[in-house]
Amino acid sequence: MNGEPVRVLVVDDQQLVREGLTALLELTEDVEVVGQAAHGREALDILTRKPCDVVLMDLRMPVLDGVAATREIRNRHPEVAVLVLTTYSDDDSIRDALGAGAQGYLTKDAGRAEIHAALRAAVTGQATFTTAVSRRLVTALTEQRPRPSEPTPDPSATTLTAREREILGLIGAGLSNAEIAARLFIAESTVKTHINNAFAKIGVRNRAGAVRYAYQTGLVR
């Protein structure tokens with residue numbers, strides 16, 4: 001975004017949570033809160049009047065819940081990303097939110113730095129999931145994964161470096177960038193570089209695609 005602030009709309013039916021998130025984000029560099037909404041219908045109304053980059057969306061709300069609101073926002077304002085921030089991390093909530101078009105999924109135990117990173121990632125089209133959500137996605141993919149007698153061939157095995165394959169395997173296991181950096185004793189910025197290179201090689205845009213790839217190609221066992 002060329003150094004421009006990320007314009008964020010905070011949507012949560014609890015006033016204390018809305019105001020707390022707004023106060024938190026206003027202390028965050030390069031983030032501008034453009035409004036607050038108590039439910040999805042109010043969020044849609046605000047989006048018709050104010051430019052926005054990312055909607056920080058709760059799920060369980062009256063009038064119009066987060067899943068329905070996410071679907072409407074993606075249909076009416078495809079340029080606006082939706083990042084879920086909720087208390088719930090059950091399989092149904094995750095599946096419904098991602099199916100509606102959410103760009104990422106965080107739980108409310110996320111800290112300011114994690115939320116900030118997720119907002120920046122959402123603007124560039126990258127998905128962000130908390131570790132618990134990533135592991136649930138991994139479990140779901142594992143349960144759906146066919147079990148052939150031989151490992152599925154890896155079409156990009158000749159182009160991925162050993163380090164890139166290692167990092168894709170760790171993403172598939174549900175580790176965050178910080179956890180991967182600690183595991184491999186390298187800088188988190190180095191992890192991000194390897195991830196960007198690997199994503200380009202295997203043709204995926206986000207961590208969900210990387211998790212799927214890691215399981216389909218046997219990088220996670």
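Computed from the coordinates by the stated procedures, all read-outs in this text should not be read as laboratory data. This structure is a prediction, so every number in the text was calculated from the model and none was measured.
Roughly what % of DSSP beta bridges within the stretch 6-108 run antiparallel, to the nearest 5?
Within the stretch 6-108, antiparallel bridges account for around 0 percent of the total.
Could you name the lysines whose alpha carbon sits less than 20 Å from that of Lys201, not counting residues in the same chain fewer than 8 places away?
In chain and number order, the partners are Lys192.
Over its Cα atoms, what ratio of radius of gyration to 2.2 N^0.38 Å does the stretch 154-219 give?
0.98
Once you sort the root eigenvalues of the Cα gyration tensor of the stretch 1-122 as a ≥ b ≥ c, which label holds: rounded (a/c under 1.5), prolate (a/b larger than b/c) or oblate (the other case)?
Because its axes are fairly even, with a/c under 1.5, the stretch 1-122 counts as rounded.
How fast does the chain diffuse by Stokes-Einstein, in µm²/s, taking the Kirkwood radius from C-alpha pairs at 37 °C and 0.692 mPa s?
181
Over the Cα atoms, compute the radius of gyration (one decimal) and Dmax (the largest Cα-Cα distance, rounded to a whole number) for the stretch 90-133, in Å.
According to the Cα coordinates of the stretch 90-133, Rg and Dmax are 10.3, 27 Å.
Restricting to Cα pairs below 8 Å that are 6+ residues apart, what does the relative contact order work out to for the chain? Please round to a whole percent.
15
What relative contact order, as a whole-number percentage, does the stretch 1-64 give when Cα pairs under 8 Å and 6 or more residues apart are counted?
The normalised contact order for the stretch 1-64 reaches 44 percent.
Under the rule of -39500 (n - 2.57) per DSSP H run of 4 or more residues, summed and divided by the residues of the chain, what mean residue ellipticity at 222 nm is obtained, to the nearest 500 deg cm²/dmol?
That comes out to -15000 deg cm²/dmol.
How many angstrom separate the Cα center of the stretch 90-130 from the Cα center of the stretch 1-80?
13
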